[in-house]
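J.: This is the structure I want to talk about, given as structure tokens.
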Amino acid sequence: MAEEVNPKAYPLADQMLTTKILNLVQQATNYKQLRKGANEATKTLNRGQAEFVILAADSEPLEILLHIPLLCEDKNVPYVFVRSKQALGRACGVSRPVIAASVTQNEGSQLKPQITSIQQEIEKLLL
């Protein structure tokens, strides 16, 4: 974890929040409430389905996903960077690194309270 994180990767989740987010991502995978990849995340934002978006701070080059925070701000969707695309991929249940993922809305989902609490923590980071 000693490697320098790109300063454009803001807000960056700390270790505890990252753990919470990755756990939620794993559960969202089981509930079919997760879209993996920059293109899919962009689509969920444009369609207004995204609850919040997780981006990997170690994407190379980072610019390939810097359009997503702008979209998130337009659509009022919280977003956060985690340090590792490898860890994000693992949480998404795939063997490949994932540079972006979005947790989507679902009526009557059991994940709603967790999603809401993480949204609030991300908003605190942005203050």
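J.: Looking at Val82, Val53, Val77, Val98 in this structure, which one is touching a Gly at 6+ places or on another chain (Cβ under 6 Å), buried (at least 17 other Cβ atoms within 10 Å of the Cβ), at pLDDT 90 or above and within 23 Å of Asn6 (Cα to Cα)?
T.: Val98
J.: What do you reckon, is Ser117 surrounded by fewer than 15 Cβ atoms within 10 Å (Cβ to Cβ) and either modelled with pLDDT of 90 or more or assigned to a helix (DSSP H, G or I) (or both)?
T.: It is true that Ser117 is surrounded by fewer than 15 Cβ atoms within 10 Å (Cβ to Cβ) and either modelled with pLDDT of 90 or more or assigned to a helix (DSSP H, G or I) (or both).
J.: For the stretch 68-114, which residues satisfy the criterion of being in contact with a Lys or Arg (Cβ under 7 Å, 6 or more places away or on another chain) and not in a strand (DSSP E or B)?
T.: Result: Gly89, Cys92, Val94, Pro97, Val98, Ile99.
J.: In the stretch 49-63, which residues are of a type outside the set (A, V, I, L, M, F, W, C) and touching a helix residue (DSSP H, G or I) at 6+ places or on another chain (Cβ under 7 Å)?
T.: Hits for the stretch 49-63 are Glu51, Asp58, Ser59.
J.: Now a separate question. Looking only at the stretch 13-36, decide whether some residue is of a type in the set (Asp, Glu) and outside any loop (DSSP other than H, G, I, E, B).
T.: No, because not a single residue in the stretch 13-36 is of a type in the set (Asp, Glu) and outside any loop (DSSP other than H, G, I, E, B).
J.: Name the residues in the stretch 93-110 that are over 17 Å from Ala13 (Cα atoms) and under 15 Å from the mean Cα position of the chain (by Cα), would you?
T.: Result: Gly93, Pro97, Thr104, Gln105.
J.: Ser95 - would you say it is polar (S, T, N, Q), out of contact with any strand residue (DSSP E or B) (no Cβ under 6 Å at 6 or more places or on another chain) and without any contact (Cβ under 8 Å) to a residue 12 or more places away in the chain?
T.: yes
The values are calculated or read from the model by the stated rules, or taken from the named source; none is laboratory data. This structure is a prediction, so every number in the text was calculated from the model and none was measured. With ideal geometry, Cβ positions are generated from the backbone for all residues, glycine too; neighbour counts draw on all protein chains shown.
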